[in-house]
Amino acid sequence: MAKLNHPANLKYSKTDEWVRVDGDEATVGITDYAQDQLGDIVYIELPWNASQSVSAEEKFGDIESVKATSELVSPVSGSITKVNENLKDTPELINDSPYEQGWMFVVKLSDPAELDHLMNATDYLAYLEGR
Amino acid sequence: MTEEDRAAASLKRTPLYHEHRALDARLVEFSGWEMPVQYSSILEEHRAVRARAGLFDVSHMGEFRVEGQDALAYLQYLVPNDVSKLAIHQALYTQLCLPDAGAIDDLLIYRVGEDQYMMVVNAGNIDKDFAWAKQQSRNFDVQLSNQSDETGLLALQGPEAQHILQPLTAADLSSIRYYHFEPGQVNGIECIISRTGYTGEDGFELYCPSSRVVELWRDVLAAGKERGLLPAGLGARDTLRLEAGYCLYGHELDEATNPLEAGLGWTIKLNKGDFIGHDALAKIKEHGLTRKLVGIEMTGRGVCRSGYAIYAGDQQIGALTSGAPAPTLNKNIGMGYVSAAHAVPGKTVHIDIRGKHTAAQITALPFYKRQK
C-alpha cells in the first residue's frame, strides 16, 4: 500500500470514493486504492445526463475491470452539474490518474453536513490497513 | 488477523507462493488455492503472451500416475477419447464422464511409457477425480498414484516460448510437435517438456519435481527477460483461454453438462468400444442436442459476464458461462449455452446486463486463432 497515493486535501468514503469540496460543490471519483484493487478498468457507466441527482450511500454507476464488475456508491447527495465524458471512451484514465483526469462527476451538495461522515486521509489509510 | 487472512489460512499454496509475493502479485482464492491473479496488469500480461511470452505457475493442477498391464484398457474405459491412438510421448485432451455423460472434469492424458500414463486434472477436482478414478479401477490391473503434491508445473506460452526455452535444454524443441512431449533437463532440472497450453499460443508446459519448481521458475524468467517474458497470472490465463474458446471447468463444463453440448464432439469416440458414459452420449447424439455452447460478442456497450441471461426478443434462450473484455480483439466477449434452435452464428441476441438488455451477436468459436 506504500506506493498508493491518498491526498490529504480530500475526503474519503468507506466504499472507496473520494470527494474534493469546493464551496457548495464537490467532485467525486474513486481512490487510488480502489483503482488498484480493480485493475485494468475497461468500462464505466455513469449518470451521463447531467441534471440527474445522486444520494449518499446509494449507487450512481457501475465500473468494469478486465476481471470484475463493481458498483459505484455516492459519498454525498445532490444534483449533478458535470460528468466526465472522457471516461466513456478512455476509462483507463481512472487507473492512470484517479484524482485528476479520472474524476467522475461534480455535484451541487444538497446536504453539506454529510461531509462530516467522511474520513480524512489519515483515517482512510487506517481503515484500509484494517481491511 | 483480518477476515481475509483467516480465509487464506485454509487455502493451499504452490511452492512458488513466496516468488509471487516477492513479485508483488495480487493473490486471490481460486478453487481452494491462493494463486496470483495478476503481477502488473491483466492487459499487459495478456498482450505479452500474444506478442512475446508469459510464464504461468500452474502447479496447483493435479497429476495422477497410471501404470500396469491394464493401463490402456482402464483408461479406454475411463474416458471418451481414444487413448489407444497415443504414441509414447504423445498427449490427448479428454473428459471424465458420469454414466449420464455429465462431465466430472476435463483433463489431459500423457503416454509416458509403454504401460505408463499421466492424467492431468483441474486443481479444484483433484480429490473428486482421484476417488472416481480409483473406484473405476477395481476390475483392472493398474496402479494409480496421486502425484499432485510432488509435481510442479509451469506454462511458458507465447510466440517467443521456444526461443526462450531452447538455450536452457539439450532437447530439440523444434522437433516436439503440438500435443507431444519429451522428457529432458531444463537447466539441470528433470522435466517433462510438453508442447501444450491453454492460451491459444504456441508454448510449453514443464512438469518437474515440486522441490525444484522455484529454481525452474527463476531460470526461465531470467532466460526470457531480454525477449520480454512476463510472469502472468490467472487473470490473463482466463482472458487468453476465453479468446481461444477453451472450456473452463466449473463454467462451460460441469456434472450437469455433457461434452457434446460443450462442442467437444471431436473428443468423443463412440466407436472405440465401451466406456463410462458411452450409452448416454450415443443417445444424446442420436436425439440431437437441446442446447449448445456458443460464442457471444457484444455489439452494444457493456461487458458480459458469467451468469448473465441471453435473450432472443422477450424469450430467455440461455445464459453466459464466461464473459470478459477480449484484449486482443478489443471487444467484449463471452461463451454461453443457448437452446439449439438459436445457436446460429450471426444471430442477434440481447444480454441482460444489470437489467438492461444490450445487443450482442452469436458467433462461432474460437474468437481467436493464431497465425501459424
Item checked: In segment A:1-42, the residues that are among the basic types (K, R) and over 15 Å from the mean Cα position of the chain (by Cα) -> A:K3
Check: Can you tell me which of B:G318, B:G300, B:G323 is more than 30 Å from B:A133 (Cβ to Cβ), within 14 Å of chain A (Cβ to nearest Cβ), crowded, with 22+ Cβ neighbours inside 10 Å and not charged (D, E, K, R)?
Finding: B:G323
Notebook entry, point to check: Listed residues B:E261, B:E286; which is free of Cβ contacts under 8 Å to residues at least 24 places away in the same chain and either in contact with a His (Cβ under 8 Å, 6 or more places away or on another chain) or not hydroxyl-bearing (S, T, Y) (or both)?
Noted result: B:E286
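In a helix (DSSP H, G or I), out of contact with any Asp or Glu (no Cβ under 8 Å at 6 or more places or on another chain) and either of a type in the set (G, A, S) or more than 14 Å from chain A (Cβ to nearest Cβ) (or both): is that true of B:S59 in this structure?
Against the criterion (in a helix (DSSP H, G or I), out of contact with any Asp or Glu (no Cβ under 8 Å at 6 or more places or on another chain) and either of a type in the set (G, A, S) or more than 14 Å from chain A (Cβ to nearest Cβ) (or both)), B:S59 does not qualify.
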Checklist line | Selection count, segment B:306-350, where residues are in contact (Cβ under 8 Å) with a residue 40 or more places away in the chain and in a loop (DSSP other than H, G, I, E, B) | finding: 7
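So which strands (runs of 3 or more DSSP E) stay within segment B:121-229 end to end and still have 1 or more residues that are of a type in the set (D, E, K, R)?
Result: B:181-186, B:189-194, B:203-209.
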Check: Can you find even one residue in segment B:329-343 that is within 14 Å of chain A (Cβ to nearest Cβ), of a type in the set (D, E, K, R) and more than 20 Å from the chain's Cα centre (by Cα)?
Finding: yes
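Which residue is nearest to the other protein chains (Cβ to nearest Cβ), if the candidates are limited to segment A:95-118 and must be outside any loop (DSSP other than H, G, I, E, B) and buried (at least 17 other Cβ atoms within 10 Å of the Cβ)?
Taking the candidates together, the pick is A:N95.
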Notebook entry, point to check: Can you tell me which residues in segment B:235-246 are under 11 Å from the mean Cα position of the chain (by Cα), crowded, with 24+ Cβ neighbours inside 10 Å and not basic (K, R)?
Noted result: B:L240, B:L242
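Let's see how each residue does on (1) part of a strand (DSSP E or B); (2) touching a residue at least 40 places away in the same chain (Cβ under 8 Å); (3) surrounded by fewer than 21 Cβ atoms within 10 Å (Cβ to Cβ); (4) more than 14 Å from chain A (Cβ to nearest Cβ):
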| position | (1), (2), (3), (4) |
| --- | --- |
| B:H46 | no, yes, no, no |
| B:L55 | yes, yes, no, yes |
| B:F64 | yes, yes, no, yes |
| B:A73 | no, yes, yes, yes |
| B:P80 | no, yes, no, yes |
Check: Would you say B:N271 is at pLDDT 95 or above, out of contact with any helix residue (DSSP H, G or I) (no Cβ under 7 Å at 6 or more places or on another chain) and more than 26 Å from B:R50 (Cβ to Cβ)?
Finding: yes
Check: So A:K59 clears everything in (1) within 14 Å of chain B (Cβ to nearest Cβ); (2) of a type in the set (D, E, K, R); (3) in contact with a helix residue (DSSP H, G or I) (Cβ under 7 Å, 6 or more places away or on another chain) except one condition, right? Which one?
Finding: (3)
Notebook entry, point to check: So which pairs qualify, if the first residue must be in segment B:229-253 and within 14 Å of another protein chain (Cβ to nearest Cβ), the second must be of a type in the set (F, W, Y), the Cβ gap must be under 7 Å, and the two must be at least 6 apart or on different chains?
Noted result: B:A232/B:F56; B:G233/B:Y39; B:L234/B:F30; B:R237/B:F56; B:R237/B:Y198; B:R241/B:Y198; B:E243/B:F367; B:E243/B:Y368
Note to self: aliphatic (A, V, I, L, M), outside the structural domain of B:N81 (by TED's automatic domain parsing) and crowded, with 20+ Cβ neighbours inside 10 Å: which single residue out of B:V294, B:V344 fits that description?
What the structure shows: B:V294
Check: What is the one condition in (1) outside any strand (DSSP E or B); (2) within 30 Å of B:K331 (Cα to Cα); (3) away from every other protein chain (no Cβ under 14 Å) that A:V76 does not satisfy?
Finding: (2)
Next item on the list: Examine segment B:222-241 for a residue that is in contact with a Pro (Cβ under 7 Å, 6 or more places away or on another chain), hydrophobic (A, V, I, L, M, F, W, C) and farther than 26 Å from B:K128 by Cβ, and state whether such a residue exists.
Entry: yes
Margin query: Let me spell it out: the conditions are (1) out of contact with any helix residue (DSSP H, G or I) (no Cβ under 9 Å at 6 or more places or on another chain); (2) surrounded by fewer than 24 Cβ atoms within 10 Å (Cβ to Cβ); (3) farther than 19 Å from B:L43 by Cα, and B:Q185 meets all of them except one. Which number is the exception?
Written below: (1)
Check: Of the residues A:L128, A:L38, A:L87, which single one is hydrophobic (A, V, I, L, M, F, W, C), within 14 Å of chain B (Cβ to nearest Cβ) and touching a residue at least 60 places away in the same chain (Cβ under 8 Å)?
Finding: A:L128
Notebook entry, point to check: Of everything in segment B:358-370 that's within 11 Å of B:E201 (Cβ to Cβ) and out of contact with any Ser or Thr (no Cβ under 7 Å at 6 or more places or on another chain), which residue is modelled with the highest pLDDT?
Noted result: B:K369
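Listed here are the residues, each with its yes/no results for (1) within 14 Å of another protein chain (Cβ to nearest Cβ); (2) within 15 Å of A:V83 (Cα to Cα); (3) polar (S, T, N, Q).
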residue	(1), (2), (3)
A:N9	no, no, yes
A:Y12	no, no, no
A:V19	no, yes, no
A:D24	no, no, no
A:V28	no, yes, no
A:I44	yes, yes, no
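The values are calculated or read from the model by the stated rules, or taken from the named source; none is laboratory data. The shown structure was predicted, so the numbers you read here are calculated from the model rather than taken from an experiment. Cβ coordinates were reconstructed from backbone atoms using ideal geometry, including for glycine residues, and neighbour counts include every protein chain displayed.
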